[in-house]
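Only one structure is covered here, and it is reproduced in the block below.
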Amino acid sequence: MVTGVVGGSAHVRWAVRNPRIPLKRNEPLQPDEQYDVDDIHLPPADKRPPADSGLHPTTIAFALIGVTILLSVGILWAARAVVSAPGSDILDKMPLFPVAVIGGFIVQWLVTKTGQAHHVDKRAVEGISSIALDVLLVCAIGTMSLATIGSNVPAIVVFTVIGVGWSVVALIVLGRRFHRDDWFEHAIADFGQSQGNVATGFVLADMVDPQRRTSTANAYGYKQLPYEPFLGGGLITALSVPLIVSMGLGLFTALSAVAAVLIGVWGIRRKPTPAG
């Protein structure tokens, strides 16, 4: 979290002041661009449905989040039942969070398709999400073993330096080669996620593109749907330690390096070469 927020903020300030890095926020607004981020997806005032005088927006937000959690639990239990039927326990240690991303997408899609999106207050959802994230961080820190950390300080320092260094290289060197348009806005969000969590990426995306003039926020959010169930604390993350124990650290590292190279080459090659 510290390296993500502090390091990411420093990179944003550097990019804003660097004339060689094109940022949409440094370009003058066009006449057809929206100035209010919250009203980008809202219909004209005369075509909006009348305000609902029933449930409070916060109550609706809590209800939808509760439905999302219950739906996600059901999806996870169903997946475990299907996988465990032939005797596999591969999903037994898979956490709920990656599945909650899928559950949230389903609930949002249903609310939009049924024409009830105007009842959902964005600020109420964001407020509840912020409180939930703070509680999650406090609980995570509270369950850490200080004795274990204290006995492994050298290893933690080495891994931290390597991780931050690799993320910086990926941001500056690979970011502009992976993304077709607005490369820094997209890459800084990925940097935040690599250092902290999904929320850190959103914070940095809003910092570098406060008026949402690029597709960074939407692209970054939709990326979590295929990413989180596998790598964001999902299947591959949960299986990494058992795989290391079973096949050995050397072979696991080699396979991971090959996969990273292949994905990196694919990401670079899929970007079209600018004309001229």
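So the values come out like this:
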quantity	calculated
Options 202, 252, 178; residue that is surrounded by 12 or more Cβ atoms within 10 Å (Cβ to Cβ), aromatic (Phe, Trp, Tyr) and in contact (Cβ under 8 Å) with a residue 40 or more places away in the chain	178
Check on residue 111, under 19 Å from residue 230 (Cα atoms), in a helix (DSSP H, G or I) and among the hydrophobic types (A, V, I, L, M, F, W, C)	no
Filter result for residue 219 (under 12 Å from the mean Cα position of the chain (by Cα), in a helix (DSSP H, G or I), at pLDDT 85 or above and surrounded by fewer than 20 Cβ atoms within 10 Å (Cβ to Cβ))	yes
Considering residues of segment 114-131 that are among the aliphatic types (A, V, I, L, M) and without any contact (Cβ under 8 Å) to a residue 60 or more places away in the chain only, the residue surrounded by the fewest Cβ atoms within 10 Å (Cβ to Cβ)	131
Residue in segment 146-153 that is assigned to a helix (DSSP H, G or I) and either touching a helix residue (DSSP H, G or I) at 6+ places or on another chain (Cβ under 9 Å) or charged (D, E, K, R) (or both) present	yes
Residue in segment 231-248 that is part of a loop (DSSP other than H, G, I, E, B) and in contact with a Ser or Thr (Cβ under 7 Å, 6 or more places away or on another chain) present	yes
Number of the exception - residue 269 against (1) out of contact with any helix residue (DSSP H, G or I) (no Cβ under 7 Å at 6 or more places or on another chain); (2) among the charged types (D, E, K, R); (3) at positive phi	(3)
One residue from 102, 75, 90, 106 being in contact with a Gly (Cβ under 9 Å, 6 or more places away or on another chain) and either farther than 20 Å from residue 222 by Cβ or modelled with pLDDT of 80 or more (or both)	75
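The values are calculated or read from the model by the stated rules, or taken from the named source; none is laboratory data. Everything quoted here is computed from the prediction, not taken from an experiment. For neighbour counting, all protein chains shown are included, and Cβ atoms are generated from backbone atoms with ideal geometry for every residue, glycine included.
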